[in-house]
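Worksheet for the structure shown next.
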Amino acid sequence: MHYVSTRATSASAARNPQQFSDILLGGLAPDGGLYLPAEYPQVTGAELDAWRKLSYAELAYEILRKFATDIPDADLKALTARTYTPEVYRNARADESSADITPLRVLEDGPKGTLVLQALSNGPTLAFKDMAMQLLGNLFEYALAKNNEELNIFGATSGDTGSAAEYAMRGKRGVRVFMLSPHRKMSAFQTAQMFSLQDPNIFNIAVEGVFDDCQDLVKAVSNDLEFKARQKIGTVNSINWARVVAQVVYYFRGYLAATTSNDQKVSFTVPSGNFGNICAGHIARMMGLPIDKLVAATNENDVLDEFFRTGVYRVRKPSETFHTSSPSMDISKASNFERFVYELVGRDPERTHALFRKVDTHGGFDLSGAPGSDGDEFRHVARFGFLSGRSTHADRLATIRDVADDYGITIDTHTADGIKVAREHMQPGVPMIVLETALAAKFNETILEALGQDAERPAGFEDIESLPQRFVVMPADVGRMKSYIAEHTGL
Ligand SMILES: *Cc1c(COP(=O)(O)O)cnc(C)c1O
């Protein structure tokens, strides 16, 4: 299995074939594109039938081995078995089984159709990013040990990504994590989750500033290529291919759990920001999984909803990017979207590159086919099954209340965006699976506003705010940041 960049001409791709392990530790391809497999492995009906009996870890192994062909089967089997255990994904609701890893729950089965919730949020940080990040931690440790290397992950977070990365990398040999967050700007729960980690390879740096200052620091340090190389700096952002492929697994799992035979179809609604999660659904569909519709649900930051309604992709300015009550989807652009656009324009790397150059120069592109537009490929979107919708703060409050009243469970704000939009696209005969991307306890302020009572906390999280915290406070100063990193890596 070889990987190509969405911007690589065939000549450069031929000179530079990449395998799974080559792109595991990286982000963007050197030409600025994103990696995709040269072709999607196909899944047969016989395989799907056989997979109905598998545990989550066994299923993850079967799917990953199609993509990570350069990792020996026995190693991959051990890595997936170690990752997807009921002990790691232990925060399931009391009436659901942790052994399922991503348990399904039928919310409604009526004349309008079947509405199902698939919980991806039972991992250590109570958000779906654990599904991929936990595997990444084990894959990184494995790959680094094999080559006798080390890696220093340097990133900025306003919440979910940073904590998922820290819980995945804690205690892993060869890896350190330096994570910046805006000092006193995260919720008490999120702060406690990250800062209570005592592992010596985790460095929490609270920056005196806002999230943008943290991101600017990461950019400034990464732009110093000499420093970056010497300090072995890497990232784990959502464009990482291994993260995307780990997410493909739960679409298969959801399908297999919601159906009894392969002539049935299901649809998925996915709370979306960077197009990472739903990109994995697209890949599952391209592999032959019988998915009918893939519905992208956005909040007020509706870049993706606008595209899937109109064919216009328009990146938002900072002044047009809203801070919402589903904050993990507060994006100005969708960093994985290029992977889909590449497919939409017929896997043409030059055209993909030209469109994303236009994003840099003009803030977007228009594929609607209207006079003066950049193309008419939007007409092919239906062939890929995509639909969309958007949700607002008022919708989230109403949906959290409805779900509590009608089904007796509390959902988080991102999942509420998903349910709101899923209800607009239900079809009798095709189960609609909504991906639950976080547990409500993480976003308690809004739960309190919606329900007038606190969200339930999973066992072990009751007193998290009172645990001792380990972090340093630093000004937003590039020089100070670099010396702090160098001092702690010893490189
Ligand atoms: C990251 C995140 C999302 C958005 O996922 P993308 O892959 O960026 O689309 C949705 N919900 C929660 C809770 C998240 O942490």
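The values are calculated or read from the model by the stated rules, or taken from the named source; none is laboratory data. Please read these numbers as outputs of a predicted model, since none were measured by experiment. Cβ atoms come from the backbone with ideal geometry, glycine included; neighbour counts cover every protein chain shown. Each accessible area value is taken on the protein alone, full model and side chains, heavy atoms only, with ligands, DNA and RNA left out. Shrake-Rupley method; radii C 1.70, N 1.55, O 1.52, S 1.80 Å.
Taking all Cα pairs closer than 8 Å and separated by 6 or more residues, the relative contact order of the stretch 1-140 comes to 18 percent.
Screening the chain for whole DSSP H helices with an alpha carbon extent of at least 20 angstrom along the helix axis and a mean Kyte-Doolittle hydropathy of at least 0.5 yields 241-258.
Note on the chain: with neighbouring protein chains present and a 1.4 Å probe, carbon and sulfur make up 50 percent of its accessible heavy-atom surface.
Two numbers describe the Cα atoms of the stretch 103-202: Rg and Dmax, which are 17.0, 59 Å.
The stretch 357-371 and the stretch 202-261 have Cα centres spaced 27 Å apart. Restricting the calculation to Cα atoms, the stretch 223-363 shows an Rg/Rh of 1.01 when the hydrodynamic-style radius is the Kirkwood one.
Which of the peptides 86-98, 30-42, 262-274 is most tightly packed, and how do the rest follow, going by the mean number of other Cβ atoms within 10 Å of each residue?
Numbers: 86-98: 15.0, 30-42: 16.9, 262-274: 23.9.
Highest mean packing first, the order is 262-274, 30-42, 86-98.
Taking the square root of 5 times each eigenvalue of the Cα gyration tensor, what semi-axes in Å does the equivalent ellipsoid of the stretch 202-302 have, largest first? Before the final figure, lay out the partial values.
On the way: eigenvalues 278, 55, 24 Å².
For the stretch 202-302, the ellipsoid semi-axes come out as 37, 17, 11 Å.
When the charge dipole of the stretch 170-272 is built from unit charges on Cβ atoms (+1 for Lys and Arg, -1 for Asp and Glu) and taken about the Cα centre, the candidate among Ser267, Phe195, Gln247 whose Cα reaches farthest toward its positive end is Gln247.
Accessible area per residue, 1.4 Å probe, Å², for the stretch 319-419: what's the number? Numbers along the way, then the final one.
Numbers: 4210 Å² over 101 residues.
So the stretch 319-419 comes to 42 Å² accessible per residue, rounded to a whole number.
Order the peptides 63-75, 408-420, 239-251 from the highest to the lowest mean number of other Cβ atoms within 10 Å of their residues. Could the numbers behind the result be given before it?
Numbers: 63-75: 16.8, 408-420: 26.6, 239-251: 24.8.
My ranking of the peptides, most packed first, is 408-420, 239-251, 63-75.
Once you reduce the stretch 1-66 and the stretch 423-491 to the center of their Cα atoms, the two points are 29 Å from each other. When you restrict to C-alpha pairs under 8 Å that are six or more residues apart and normalise by the size of the chain, the relative contact order lands at 19 percent.
Spread over its residues, the convex hull of the C-alpha atoms of the stretch 147-260 is 145 Å³ per residue.
Please label the shape of the chain as rounded, prolate or oblate, based on the square roots a ≥ b ≥ c of the eigenvalues of the alpha-carbon gyration tensor (a/c under 1.5 means rounded; beyond that, a/b larger than b/c means prolate, else oblate).
Numbers: a/c = 1.25, a/b = 1.09, b/c = 1.15.
Note, shape of the chain comes out rounded.
Using a cutoff of 8 angstrom between alpha carbon atoms and counting only pairs six or more residues apart, the relative contact order for the stretch 339-491 works out to 13 percent.
Taking only protein heavy atoms and a 1.4 Å probe, what accessible area per residue, in Å², does the stretch 156-220 have with all protein chains in place? Mind showing how you got there, number by number?
Details: 2290 Å² over 65 residues.
I get 35 Å² per residue for this part.
Of all beta bridges that DSSP places with both ends in the chain, some 30 percent have antiparallel geometry. The packing ranking, built from the mean of other Cβ atoms within 10 Å per residue, places the peptides 136-147, 168-179, 101-112 in the order 168-179, 136-147, 101-112, highest first. Listed by chain and number, the aspartates and glutamates whose C-alpha is less than 16 Å from the C-alpha of Lys129, apart from same-chain residues fewer than 8 away, are Asp160, Glu166, Asp330, Asp412, Glu436.
Using Stokes-Einstein with the Kirkwood hydrodynamic radius over Cα pairs, what translational diffusion coefficient do you get for the stretch 161-210 at 10 °C and a viscosity of 1.306 mPa s, in µm²/s rounded to a whole number? Working shown, then result.
Working: Rh = 11.1 Å.
Stokes-Einstein gives a translational diffusion coefficient of 143 µm²/s.
About its Cα centre, the dipole of the stretch 127-249 is roughly 280 debye, where the only charges are +1 on Lys and Arg Cβ and -1 on Asp and Glu Cβ. With a/c under 1.5 counting as rounded, go ahead and sort the stretch 347-482 into rounded, prolate or oblate using the C-alpha gyration tensor (a ≥ b ≥ c being the square roots of the eigenvalues; past the cut-off, prolate if a/b is larger than b/c, else oblate). Oblate is the answer for the stretch 347-482, as a/c is 1.5 or above yet b/c matches or exceeds a/b.
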